[in-house]
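Structure, as structure tokens:
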Amino acid sequence: MIIAEHVEEKKKIKELYNSMGGTIYDLRYSEEQETKYKIVLDSTKFLSTEQGGCKLDIGCGTGLLIKKIRGYVVGTDISSQLLLKAVERSNKETFLVNADAENLPFRSCIFNMLFGITILQNLSNFNKAFSEFERVSTAEGIIVISMIKKALSLQDFLKLVKENLRSYKLLSESSSDWIIMGKTSKKLLENSEDFYACTQMQGRKQIGA
Ligand SMILES: C[S@@+](CC[C@H](N)C(=O)[O-])C[C@H]1O[C@@H](n2cnc3c(N)ncnc32)[C@H](O)[C@@H]1O
């Protein structure tokens, strides 16, 4: 059962992005976001697209990053209006889902790469969000996530990251976001049914393989 928290805060955020709409969002932010994508894509080049698997872009907005990612990608966002713009950028390997990042409507252990660019500052419950990212991630899943610098000091951002990821690397101090790449931690799932399901699935090919 999904128990939604911070419903009013989320409604406000959703309305804010919906009222902006995709065209204005792109006009205002695409240039700034492009500098972050360059850092993100340069740092994840080593990941083979031949492995198959599926990637998740959390808070994908208008799909600016999705169109640069090869292979199967699911984009999810709370704003239906921004997703409408993402639809224009999608292809047959793109799937878009209108959902809350803290209550992801996906089964466990299916994404081997997760992106969340300039999303964290919008979330109400960081620990809930990270536990969802961990749940939907494969056991060796990698996450690249960022938060705008003006929302949190580097010290506090790294504290949050250390609490929630198995390992991490700070990718950038040069953009307007703190950007890190890390491994989603599976320690919280050990001995649980989810962990069992996850380890079973590692032997099989993932979605999109
Ligand atoms: C600053 S924008 C970044 C969008 C996109 N990642 C990019 O690089 O352009 C933040 C995005 O997070 C989405 N968002 C905010 N709260 C969310 C939530 N709880 N769940 C999913 N998406 C959310 C917004 O609708 C918006 O698209």
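The values are calculated or read from the model by the stated rules, or taken from the named source; none is laboratory data. Keep in mind it's a predicted model, so treat the numbers as computed, not measured. Note that we place each Cβ from the backbone using ideal geometry, even for glycine, and neighbour counts take in every protein chain shown.
I'd like to check something: does the stretch 93-107 contain any residue that is in contact with a strand residue (DSSP E or B) (Cβ under 7 Å, 6 or more places away or on another chain), modelled with pLDDT under 95 and over 25 Å from Asn127 (Cα atoms)?
Scanning the stretch 93-107 turns up at least one residue that is in contact with a strand residue (DSSP E or B) (Cβ under 7 Å, 6 or more places away or on another chain), modelled with pLDDT under 95 and over 25 Å from Asn127 (Cα atoms).
For the subset of the stretch 91-120 comprising residues that are touching a Cys at 6+ places or on another chain (Cβ under 7 Å) and of a type outside the set (S, T, N, Q), which member is farthest from the ligand (Cβ to nearest atom)?
Cys109
So, of the residues in the stretch 18-47 that are among the small types (Gly, Ala, Ser) and out of contact with any helix residue (DSSP H, G or I) (no Cβ under 6 Å at 6 or more places or on another chain), which turns out to be surrounded by the most Cβ atoms within 10 Å (Cβ to Cβ)?
Only one residue fits best here, namely Ser43.
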